[in-house]
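In what follows, a structure is listed as structure tokens, so that the remarks can point back to it.
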Amino acid sequence: MGLSNFHTHTTYCDGKHSPEEMVLSAIENKMTAIGFSVHSYTSRDLSYCIKKDKIADYIKEINALKEKYKDKINIYCGTELDVFSDMDLDGFEYFLSAVHYIEKDGKLLTVDGSAKEQLSDTDKYFDGDILSYCEAYYETVKKIADFKNAGFIAHFDLVTKFNENGELFDEKHPRYVKAWQDAALHLIKMGIPFEINTGAISRGARVTPYPRREIADFIVENGGKFILTSDCHHKDMLLCAFDKVKEIYKGIEILDFEDFVK
């Protein structure tokens, strides 16, 4: 299997580099494929996603790069589709299926902003019960199953971004375990891969990837599959901690996502 990454972000959303800079870095790293997955337009939160009037430009530029570098690397045009997105899906070759929010009392609560924000929202909207917050997150994750277009499931346990060492809640608590197991079983039926995601490592929030090893084992035991991405926002992080993944997830088969999009 060649080196590839299908979860990458550029200056079209919250990434740090242009698509061409990312392509050149991928070629330098001897990667065989790169997929661009701009954050889909979500009118309820414009802070990090592609602007509506830039969608056509994005698709045009990725397709131009595909042609320009066709003899050096395979390039794919995708989007990270959030369950709250309201974007036209024409022109994309593949989709990530993602949850970045919990909806409560008509408001979108950002899950991956900060630990302080998670705790504040828990106090304000969940009576201080962070397990209820987590349960609401995984109920939202289940909605990925409603997608008509889905390539793979992104950062399944994103709600743990700031909880690597149990700072916010006990990940072995029966309520938490039941919440993620129910969601995993619901999504495994879709027959699409989950991702092992090293993005939080590259951004200094964690030292291990998503999902936790016990979650990965549960998914595999119940028929789920995995691909590997770095949720890349910087050209130097395209292959972030890929070697570490081999150690942490030893024995788990990692598929080549290019097989799904060719």
Those residues of the range 69-116 which are touching a residue at least 60 places away in the same chain (Cβ under 8 Å) and either charged (D, E, K, R) or not in a strand (DSSP E or B) (or both), in sequence order: Glu80, Val83, Leu89, Glu93
Test: residue in the range 135-152 that is in contact (Cβ under 8 Å) with a residue 60 or more places away in the chain, under 25 Å from Gly106 (Cα atoms) and in contact with a helix residue (DSSP H, G or I) (Cβ under 7 Å, 6 or more places away or on another chain): yes
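Any chance the range 232-242 includes a residue that's within 18 Å of Ser97 (Cα to Cα) and either out of contact with any Cys (no Cβ under 6 Å at 6 or more places or on another chain) or modelled with pLDDT of 95 or more (or both)?
At the first step, the residues of the range 232-242 found to be within 18 Å of Ser97 (Cα to Cα) are 232-233.
Still in the list and also either out of contact with any Cys (no Cβ under 6 Å at 6 or more places or on another chain) or modelled with pLDDT of 95 or more (or both): 232-233.
Checking the range 232-242: at least one residue is within 18 Å of Ser97 (Cα to Cα) and either out of contact with any Cys (no Cβ under 6 Å at 6 or more places or on another chain) or modelled with pLDDT of 95 or more (or both).
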Long-range neighbours under 9 Å by Cβ, at least six apart or interchain, first residue touching a residue at least 12 places away in the same chain (Cβ under 8 Å) within the range 154-172, second surrounded by fewer than 19 Cβ atoms within 10 Å (Cβ to Cβ) and of a type in the set (Val, Ile, Thr): Glu164/Val207; Glu164/Thr208; Glu171/Val177
Members of the range 6-24 that are under 19 Å from Glu258 (Cβ atoms), among the hydrophobic types (A, V, I, L, M, F, W, C) and part of a loop (DSSP other than H, G, I, E, B): Phe6
Hits in the range 219-236 - residues which are of a type outside the set (S, T, N, Q) and touching a Gly at 6+ places or on another chain (Cβ under 8 Å): Asp231, Cys232, His233, His234
Pairs where the first residue, in the range 238-261, is at positive phi and the second is surrounded by 12 or more Cβ atoms within 10 Å (Cβ to Cβ), C-beta under 8 Å, 6+ apart: Ala241/Thr198; Ala241/Ile201; Ala241/Ser202; Ala241/Pro209; Ala241/Ser230
Subset of the range 199-249 that is of a type in the set (Val, Ile, Thr) and in contact with a Phe, Trp or Tyr (Cβ under 7 Å, 6 or more places away or on another chain) - its residue that is surrounded by the fewest Cβ atoms within 10 Å (Cβ to Cβ): Ile215
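Would you point out which residue out of Glu21, Glu67 is touching a Lys or Arg at 6+ places or on another chain (Cβ under 6 Å) and either among the charged types (D, E, K, R) or within 22 Å of Ala154 (Cα to Cα) (or both)?
Details: Glu67 fails: touching a Lys or Arg at 6+ places or on another chain (Cβ under 6 Å).
Only one candidate qualifies: Glu21.
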Among residues of the range 30-52, those that are touching a helix residue (DSSP H, G or I) at 6+ places or on another chain (Cβ under 8 Å) and surrounded by 17 or more Cβ atoms within 10 Å (Cβ to Cβ), counted: 7
Cβ pairs under 7 Å, 6+ apart, first in the range 45-66 and closer than 22 Å to Ala33 by Cα, second of a type in the set (D, E, K, R): Leu65/Glu20
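Given Ile27, Ile55, which one is surrounded by fewer than 18 Cβ atoms within 10 Å (Cβ to Cβ), modelled with pLDDT of 95 or more and not in a strand (DSSP E or B)? Steps first, please.
On the way: Ile55 fails: surrounded by fewer than 18 Cβ atoms within 10 Å (Cβ to Cβ).
On inspection, the qualifying residue turns out to be Ile27.
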Residues of the range 228-261 satisfying the condition of being in a loop (DSSP other than H, G, I, E, B), under 18 Å from the mean Cα position of the chain (by Cα) and acidic (Asp, Glu): Asp231, Asp256
Identity of the residue in the range 88-125, more than 25 Å from Ile201 (Cβ to Cβ) and basic (Lys, Arg), that ends up surrounded by the most Cβ atoms within 10 Å (Cβ to Cβ): Lys104
Output for the range 217-238, where each listed residue is touching a strand residue (DSSP E or B) at 6+ places or on another chain (Cβ under 7 Å) and either over 20 Å from Leu158 (Cβ atoms) or among the hydrophobic types (A, V, I, L, M, F, W, C) (or both): Ile219, Phe226, Ile227, Leu228, Cys232, Leu238
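The values are calculated or read from the model by the stated rules, or taken from the named source; none is laboratory data. No experiment lies behind these values; they were computed from the predicted model shown. Don't worry about glycine lacking a Cβ; one is built from the backbone with ideal geometry, like all the others, and counts go over all protein chains shown.
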